[in-house]
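One structure below.
The values are calculated or read from the model by the stated rules, or taken from the named source; none is laboratory data. These numbers were taken from a predicted model, which means no experiment stands behind them. Cβ placement follows ideal geometry from the backbone for every residue including glycine, while neighbour counts extend to all protein chains displayed. The protein model used for the area step is the full one, side chains on, heavy atoms only, and it has no ligands, DNA or RNA in it. Shrake-Rupley method; radii C 1.70, N 1.55, O 1.52, S 1.80 Å.
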Amino acid sequence: MNNIYDILAMIRTRPGMYLGQRSLTALRSFLDGYFFAIGKNGILIEEENPPFSQFHDWVARYYKWNESTAGWKNIILREVGDEAKACDVFFELLELFKQRFPVLKYRVSLNQNHKSTGAIYRRICIDGIEKDLDPPKEIRIVQYTTDSGFYRFDVSQAGEISEIGYFETEELAMEEVKREFEVSLDEWETLNTI
C-alpha cells in the first residue's frame, strides 16, 4: 500500500466519489477511518516525507495560531469558513507542506553515560502495561527547508526513527535533551545534510 499522499491525490481529483461531497469535515472523517483501519489491522504503509503527522503544527504556524490543539481541520475551517472552500484550501496547503525537505542539522550518539535523568518520562503502553522506553541510541535535530523551527527525532536501539517534538529553536531542543540525558553542547555533531 502506498502512503497517505497517494490516497490524498486520488481524493483531490474526485472528492465526491471518495467523500460523498467536497467537504473538509468529510475528508477528516475519511482520514480518521483510514488511519484507524491501518492501525487496527497492523498494515504498514510507506513513510511519507515530510511526515503527515506534522501537518497539524504546520497549519497552526501557517495561520499564526499559538498552538495546534484545534487540529488542522478546525483551524482551516475557522480561517476559511466554508466546507467546500476549506477542502480546496486543505489541498493547496498540503502542496505547500509537501515542498518541505528535511535537513539534518545536529545529532548526538548516546552512550552508557547518558542515562535518563527522569526529568522527562517516555513510556509506552502495551496491552495495558506501562513500560519505560529504552534510551535512544541517537538523537537528531532536523529543520525543514521552509520552516523556521526544529524537530527532534530519536533513533531507537533497533534503528526505528520517531518524531519527539517541535521546538522554536535548536537551543530549546538541545536543552530538552540535556535535561533528559545530560548531553552537553560540545557533544553535538553539527551537520547540514538532507
Which is the longest run of the chain containing none of the GluC sites (Glu not before Pro) found in DSSP loop states (not H, G, I, E, B) with at most 12 other C-beta atoms within 10 Å? 68-159
Where the chain is the region considered: accessible area per residue in Å², 1.4 Å probe: 59 Å²
Quick one: of Lys105/Lys131; Lys137/Lys178; Lys115/Lys137, which pairs are farther than 23 Å apart, Cα to Cα? Lys105/Lys131
Give a residue-ordered list of calculated ³J(HN,Hα) values for region 168-177 (Karplus: 6.51 cos²θ - 1.76 cosθ + 1.60, θ = phi - 60°; whole Hz; x for Gly, Pro). 5, 9, 5, 4, 5, 5, 5, 4, 5, 5
Residues of region 87-114 with the amide nitrogen closer than 20 Å to a label point 7 Å from the Cα of Met10, along Cα-to-Cβ, please. 88, 91-92, 94-95
GNM, the chain, Cα, under 10 Å: largest mean-square fluctuation among Gln112, Gln99, Gln21? Gln112
Please say if region 17-105 is rounded, prolate or oblate, where rounded means a/c under 1.5 for a ≥ b ≥ c the square roots of the C-alpha gyration tensor eigenvalues, and otherwise the choice is prolate for a/b larger than b/c and oblate otherwise? oblate
So what are the three principal axis dimensions of region 1-43 from its Cα atoms, in whole Å, longest to shortest? 29, 18, 13
Cα convex hull volume per residue for the chain, in Å³, equals 140 Å³
Rounded to the nearest 500, what is the chain's calculated 222 nm mean residue ellipticity when only DSSP H runs of at least 4 contribute -39500 (n - 2.57) each, over all residues? -12000 deg cm²/dmol
Multiply the residue separation of Glu95 and Ala70 by 0.36 nm, subtract the distance between their alpha-carbon atoms, and state the gained length in nm to one decimal. 6.9 nm
DSSP-assigned coil residues among trypsin sites (Lys or Arg not before Pro) in region 20-110, each with at most 13 further Cβ atoms within 10 Å: Lys64
For the chain, give the percent of accessible area contributed by carbon and sulfur heavy atoms, probe 1.4 Å, rounded to a whole number. 49 percent
For Leu133, what residues show an amide H to amide H distance below 5 Å, using hydrogens built from the backbone and excluding near sequence neighbours? Arg122, Arg123, Ile124
Label point distance in nm, Asn49-Cys125, each placed 7 Å from Cα along Cα→Cβ: 3.4 nm
